[in-house]
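Participant: Can you read through this structure? Questions will come right after.
Readers should treat all values here as calculations from the given coordinates under stated rules, not as data from a laboratory. Please read these numbers as outputs of a predicted model, since none were measured by experiment. Note that each Cβ is placed from the backbone with ideal geometry, even for glycine, and that neighbours are counted across all protein chains shown.
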Amino acid sequence: MRWPPEPFWDYSLQLYQQPGVEAACLELQRRHGLDVNLVLLACWLGSQGIALDPATLAKAERAAEPWRREVVGPLRALRRHLKVALADPEPGSVAEGWPELVGEVRARVLALELDAEHLTQLCLARVAGDLCAGAVSGGSLAGANLGVCCRFEPRDRAALTTLLSAAFPGSSPAELQASLGWLGH
């Protein structure tokens, strides 16, 4: 597959591989039911000096939501189902009889899920492409962008700090905490 170049996707792959980021994103996703791609978008825009506004966020959510619901969600559900089937196969089931092959199918579903996520990010980047840089890039702006993304709670502070620390390793702990000042205590 020939993917168009997309800096947001490249940024997301790099950030997601940083220690603790995957766990932090999945924790926020589980707690709030949000799309991790929007969290990554908030950080990426912050790194580009672009403020995320509620109208653009709503436009991005409207553009990506049907794809997430109709494609990404079912692929994720299938991948998780296959994981469970492999971990505890029913007697006489396909998973019990051919676990290696079921594992290969699961790996292919994972690859499709990642491709579907890639398309989600292309969509989000296109919507955000109308925004102009105008702010100082960095953790403070990314923190403000995250505040637009979701009504995070004080218990999310550790996950958000992990995310921002990985995204902006040059920022001091005090700067990162200040960027989450909207979070409360």
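Participant: By how many nm would the segment from ARG69 to ALA55 grow when fully extended, if each residue of separation counts as 0.36 nm and the alpha-carbon distance is taken off? Present the calculation step by step, with values, prior to reporting the outcome.
Facilitator: On the way: separation 14, 0.36 × 14 = 5.04 nm, distance 2.11 nm.
Working it through step by step, the gained length comes to 2.9 nm.
Participant: Using the per-residue mean of other Cβ atoms lying within 10 Å as a proxy for protection, in what order, highest first, do the peptides 89-99, 60-70 fall?
Facilitator: Details: 89-99: 12.4, 60-70: 14.5.
Ranked by mean Cβ neighbours within 10 Å, highest first: 60-70, 89-99.
Participant: Same structure again: In nanometres, what is the gap between the two model label sites at ASP88 and VAL136, each 7 Å from Cα along Cα-to-Cβ?
Facilitator: 5.3
Participant: Can I ask one more? Rounded, prolate or oblate: which fits the range 124-173 when a ≥ b ≥ c are the square roots of the eigenvalues of the alpha-carbon gyration tensor, with rounded for a/c under 1.5 and prolate only if a/b beats b/c? Walk me through the numbers on the way to the answer.
Facilitator: Details: a/c = 2.29, a/b = 1.39, b/c = 1.64.
In terms of gyration-tensor shape, oblate.
Participant: Let me make sure I get this right: for the range 1-89, a, b and c are the square roots of the gyration tensor eigenvalues over alpha carbons, sorted descending. Under 1.5 in a/c it's rounded, otherwise prolate if a/b > b/c, else oblate. Which is it? Spell out each step's value before the answer.
Facilitator: On the way: a/c = 1.75, a/b = 1.57, b/c = 1.11.
Because a/c hits 1.5 or more and a/b exceeds b/c, the range 1-89 counts as prolate.
Participant: Sticking with this one: Here are several values of semi-axes √(5λ) of the Cα gyration tensor in Å: [x] 24, 21, 15; [y] 61, 28, 15; [z] 33, 19, 14. Which one was derived from the coordinates shown?
Facilitator: [z]
Participant: Turning to a different aspect of this structure: With charges only on Cβ, +1 for K and R and -1 for D and E, what is the dipole size of the chain about its Cα centre, in debye, rounded to 20?
Facilitator: Numbers: 17 positive and 21 negative charges, 58 e Å.
Dipole size: approximately 280 debye.
Participant: At 222 nm, what helix-only mean residue ellipticity would the chain give, in deg cm²/dmol to the nearest 500, using -39500 (n - 2.57) for each DSSP H run of four or more? Don't skip to the end; give the middle numbers.
Facilitator: Values: 10 runs with 126 residues, N = 185.
The helix-only estimate for the chain comes to -21500 deg cm²/dmol at 222 nm.
Participant: Mind checking which of ALA116, PRO89, PRO99 is farthest towards the positive end of the range 56-130's charge dipole, using Cβ charges of +1 (Lys, Arg) and -1 (Asp, Glu) about the Cα centre?
Facilitator: Among ALA116, PRO89, PRO99, the one farthest towards the positive end of the dipole of the range 56-130 is ALA116.
Participant: Full-extension gain between GLN177 and GLN18, please, as 0.36 nm times their residue separation minus the C-alpha to C-alpha distance. Working shown, then result.
Facilitator: Working: separation 159, 0.36 × 159 = 57.24 nm, distance 1.94 nm.
Result: 55.3 nm gained on full extension.
Participant: Here's another thing I want to ask about it. With each label point set 7 Å from Cα along the Cα-Cβ vector, what nm distance links LEU114 and ARG30?
Facilitator: Placing both labels 7 Å along Cα→Cβ, they lie 2.2 nm apart.
Participant: Please report the relative contact order for the range 56-130, taking Cα pairs under 8 Å with a sequence separation of at least 6, and give it as a percent rounded to a whole number. Let's see the in-between values first.
Facilitator: Details: 44 pairs, mean separation 37.4, N = 75.
Result for the range 56-130 is 50 percent.
Participant: In addition: What are the principal axis extents of the Cα atoms in the range 42-142, in Å, biggest first?
Facilitator: 61, 26, 17
Participant: If R0 is 35 Å, what FRET efficiency do you get for ALA158 and GLU100 from their C-beta distance, rounded to 0.05? It would help to have the intermediate numbers written out before the result.
Facilitator: Values: r = 39 Å, r/R0 = 1.11.
The formula returns an efficiency of 0.35 here.
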